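Here the structure is laid out as structure tokens; the discussion comes afterwards.
The values are calculated or read from the model by the stated rules, or taken from the named source; none is laboratory data. From a predicted model like this one, the values you see are computed outputs, not experimental measurements. Cβ placement follows ideal geometry from the backbone for every residue including glycine, while neighbour counts extend to all protein chains displayed. Calculation scope for accessible area: heavy atoms of the full protein, side chains included, ligands and nucleic acids excluded. Shrake-Rupley method; radii C 1.70, N 1.55, O 1.52, S 1.80 Å.
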Amino acid sequence: MARTTLTKSYSFGRITRLLSGKTKLPWIPIIILSVMVICAIFAPLLTPYEPTHKDIINSRIGPAEISAYPLGTDILGRDILSRLIFGARTTVYISIVALATGAVVGTVLGLIAGYLEGWLGAMIMRFADAVMGFPTILVALIIVVLLGQGTGNIIIAVAVTVWARFARMIRADVLSVKERDYVVLAQIAGVAPPMIICRHIFPNVVNTLMVLTSLQVGQVILLEASLSFLGLGLEPGSPAWGIMVAEGRDVILDMWWLSLFPGIAITVVVMAFNFFGDWLRDFLDPKLRRA
Amino acid sequence: MQIYILTRLGQGVLTLLVLSLIVFMSVHLSGDPALLLMPPDYTEADYQQVRENLGLNRPIIIQYATFLGNAVRGDFGKSLTTRRPARDMLVERIPATLQLAGAGMLLAIVMGIPLGILSAVKKDSLLDKLVKLFAIVGIGAPQFWVAIMLILVFGGILQWLPTFGRGGPSHFILPSFVLAWSIMAGMMRLGRSSMLEVLDSEFVKFARAKGLVETLVIWKHALRNAMIPLVTFGGISLAGLLNGTIVIEVVFAWPGVGLLMLEGVAQRNFPIVEATVLTSGFFYILTSLIVDILYVYIDPRIKYS
């Protein structure tokens, strides 16, 4: 009983702190991210053309040359603005699914590895070390070689590189939480380990989980974009920002707008997520600031 | 300490074994290498002959053992496209990647650390704000895009710098800058925060109190202590440089290991993929190990058990 009341009053304190208006919210990142999510959800309604619609007569149009194509068209006459908006959808979809998969797998394994320190825990951590011991692009590259291209496989590739960070951080938290009196008392009272993990340990690692997730989003977007750029991600021609930058690469001197706009989109979104993650870390857990 | 080094060595060898198994399986499960070698009008007998020559008819375990035995000796077989030994093709490419990584690291250290320290010393000044902006953009902007934009500006519009391939010193400027930017950004941020922390500590206050010149306080007493986290970060980044070199070699057509690796993946040229991935993994593990051991000498407070 005592534990629940404590947790509740703590989280209420946080919410009142937010509502009181004393906490400064990071408005610029929030607005940027909202615009991106709206673009992702309503992409077909917001775009004047299909992302694969080809208008050969109006190909290679520069930005602001024709009012029908405000950001110009590419070599095949596809509308850059429409492809950018659909690109937001690709990015949001891949990063959410990949990050969620990595976070869930990493958290579960981290909880297990932290609570049961025996051979199972050691094995999980060795795997995590092996994954973290390699450059992310190399890991993703091996997975793409193994599984081939496609949305599902790029999600797996990203998730595989991400889970280990969650497992490591969560495990470190669990190691300290499980020494606390209420956990020890629950063990003495004979509560089953899965119950202890869910009811008594997990609520205490949620902060770490949220902070880590928000700080990883930017990295995940950059990784997905890099893989797409290298031709290891989605099929060529898909509306993804990394692929759009790659398509403009060979004609950069003639058609600079092909690479410029999607690159700006990636940079702005990653910066917004990084700012938001930093803010969330300071807000939820000022202790982590130094880490 | 010796036990620690031995354990780490053991772990490194184990990780390499796991990596070799994964690479071998991924190459052999993702398609039949013999089919890639066949001319358009091949007969069943030709096909069987090629499989026989490549040793693809033997059990997979034996194939892996042979592969591993050869790989340890540096023999990865012949490239499927050029028919040259993969090892020779790899060895040709290693200097280019090492030079690029070295130039990038040097630039990051030479620019990142002094700017980070200066922005801590002159906190909230214009310089501090500019450095902060530079760092934020460096962490957020994707390297491949920065590279293309720099090619557009310095190679296309201004025509000041060469934009592809390896050549004189001017060829290094753009690729090494792009490679260095995100590491530089990390060094600036870390250098700033660790310097601020040290400047706030008792011994710095004492050094000032006894009347030492401010320059001496900062560059002799404070800097030495602020360096420790920077060395750690430098070590981690050194190993992570490989991530960046793959992308940068592709954009600048820099003839290094990363470019070879990607060409191998695109052509399903499995000896090349195996050679490049395993060698990269080997270097990566070696670097991490050396860095971990060096810490003990840099910071005597660290003790491994």
When you scan region A:105-123, do you find a residue that is within 14 Å of chain B (Cβ to nearest Cβ) and under 16 Å from A:VAL217 (Cβ atoms), even just one?
no
Is it the case that A:PRO203 is farther than 27 Å from A:THR267 by Cβ, touching a residue at least 12 places away in the same chain (Cβ under 8 Å) and touching a Phe, Trp or Tyr at 6+ places or on another chain (Cβ under 7 Å)?
no
Mind listing just one residue for me: the one in region B:1-17 that is open to solvent by less than 70 Å² (accessible area, probe 1.4 Å) and either aliphatic (A, V, I, L, M) or not in a helix (DSSP H, G or I) (or both) and, of those, farthest from the other protein chains (Cβ to nearest Cβ)?
B:ILE5
Lone unmet requirement of (1) free of Cβ contacts under 8 Å to residues at least 12 places away in the same chain; (2) touching a helix residue (DSSP H, G or I) at 6+ places or on another chain (Cβ under 7 Å) for A:ILE156:
(1)
State which residue pairs qualify: first residue of a type in the set (Lys, Arg) and inside region B:1-16, second residue assigned to a helix (DSSP H, G or I) in any location, beta carbons under 7 Å apart, and separation of 6 or more residues or different chains.
B:ARG8/B:LEU289; B:ARG8/B:ASP292
Tell me yes or no: at least one residue of region B:62-79 is part of a helix (DSSP H, G or I), of a type in the set (Ser, Thr, Tyr) and within 14 Å of chain A (Cβ to nearest Cβ).
no
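Need a quick list: helices (runs of 4 or more DSSP H) entirely within region A:117-190 having at least 2 residues that are open to solvent by 10 Å² or more (accessible area, probe 1.4 Å) and modelled with pLDDT of 85 or more.
Those helices (runs of 4 or more DSSP H) span A:119-132, A:151-177, A:181-188.
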Hey, could you check region B:31-53 for residues that are at pLDDT below 75 and surrounded by 12 or more Cβ atoms within 10 Å (Cβ to Cβ) and say which is nearest to A:VAL145 (Cα to Cα)?
B:GLY31
Reported set for region B:120-137 where residues are more than 25 Å from A:LEU253 (Cβ to Cβ), of a type outside the set (Lys, Arg) and in contact with a helix residue (DSSP H, G or I) (Cβ under 8 Å, 6 or more places away or on another chain) is B:ALA120, B:VAL121, B:SER125, B:LEU127, B:ASP128, B:VAL131, B:PHE134, B:ALA135, B:ILE136
All but one of (1) modelled with pLDDT under 90; (2) closer than 28 Å to A:LEU138 by Cβ hold for A:ILE221; state the number of the condition that does not hold.
(1)
I'd like the residue in region B:97-125 that is over 23 Å from B:THR215 (Cα atoms) and touching an Asp or Glu at 6+ places or on another chain (Cβ under 8 Å) and, out of all such residues, is least open to solvent (accessible area, probe 1.4 Å).
B:LEU100
Might you check whether a residue that is buried (at least 18 other Cβ atoms within 10 Å of the Cβ) and assigned to a helix (DSSP H, G or I) occurs anywhere in region B:156-168?
no
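Tell me the residue from A:ASP278, A:ASP282, A:ASP254 that is acidic (Asp, Glu) and either touching a Pro at 6+ places or on another chain (Cβ under 8 Å) or not in a helix (DSSP H, G or I) (or both), please. Spell out how you get there, then give the answer.
Numbers: A:ASP278 fails: either touching a Pro at 6+ places or on another chain (Cβ under 8 Å) or not in a helix (DSSP H, G or I) (or both); A:ASP282 fails: either touching a Pro at 6+ places or on another chain (Cβ under 8 Å) or not in a helix (DSSP H, G or I) (or both).
Criteria check complete, one pass: A:ASP254.
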Enumeration of residues in region A:239-264 that are more than 10 Å from chain B (Cβ to nearest Cβ) and either modelled with pLDDT of 95 or more or within 21 Å of A:SER34 (Cα to Cα) (or both):
A:PRO239, A:ALA240, A:PHE261
Of the residues B:TRP181, B:TRP219, B:TRP254, which single one is under 21 Å from B:ALA108 (Cα atoms), out of contact with any Asp or Glu (no Cβ under 7 Å at 6 or more places or on another chain), away from every other protein chain (no Cβ under 11 Å) and open to solvent by less than 10 Å² (accessible area, probe 1.4 Å)?
B:TRP254
Would you confirm whether any residue within region A:272-282 is within 28 Å of A:ALA167 (Cβ to Cβ), open to solvent by less than 10 Å² (accessible area, probe 1.4 Å) and away from chain B (no Cβ under 12 Å)?
no
Across region B:261-275, what is the total count of residues that are at the interface with another protein chain (Cβ under 9 Å from one of its Cβ atoms), in contact (Cβ under 8 Å) with a residue 40 or more places away in the chain and surrounded by fewer than 24 Cβ atoms within 10 Å (Cβ to Cβ)?
1
Considering region B:191-216 alone, what residues qualify as being in contact with a Gly (Cβ under 7 Å, 6 or more places away or on another chain) and either part of a loop (DSSP other than H, G, I, E, B) or open to solvent by 50 Å² or more (accessible area, probe 1.4 Å) (or both)?
B:ARG192
With the requirement that a residue be over 18 Å from A:ALA246 (Cβ atoms) and among the charged types (D, E, K, R), what does region A:38-78 give you?
A:GLU50, A:LYS54, A:ASP55, A:GLU65
If we keep just the residues of region A:220-238 that are within 18 Å of A:ALA88 (Cβ to Cβ) and not small (Gly, Ala, Ser), which is farthest from the other protein chains (Cβ to nearest Cβ)?
A:LEU234
Filtering region A:62-116 down to residues that are in contact (Cβ under 8 Å) with a residue 40 or more places away in the chain and charged (D, E, K, R), which residue is surrounded by the most Cβ atoms within 10 Å (Cβ to Cβ)?
A:ARG83
Residue within region B:62-78 that is of a type outside the set (Ser, Thr, Tyr), surrounded by fewer than 15 Cβ atoms within 10 Å (Cβ to Cβ) and within 28 Å of B:VAL251 (Cβ to Cβ) present:
no
For region A:132-147, give me each residue that is within 23 Å of A:LEU234 (Cβ to Cβ) and more than 7 Å from chain B (Cβ to nearest Cβ).
A:VAL139, A:ALA140, A:ILE143, A:VAL144, A:LEU147
Near pairs, Cβ below 8 angstrom, 6+ apart or cross-chain, from region B:200-215 (under 16 Å from B:ILE117 (Cβ atoms)) to any residue that is of a type in the set (S, T, N, Q) and open to solvent by less than 100 Å² (accessible area, probe 1.4 Å):
B:SER201/B:ASN225
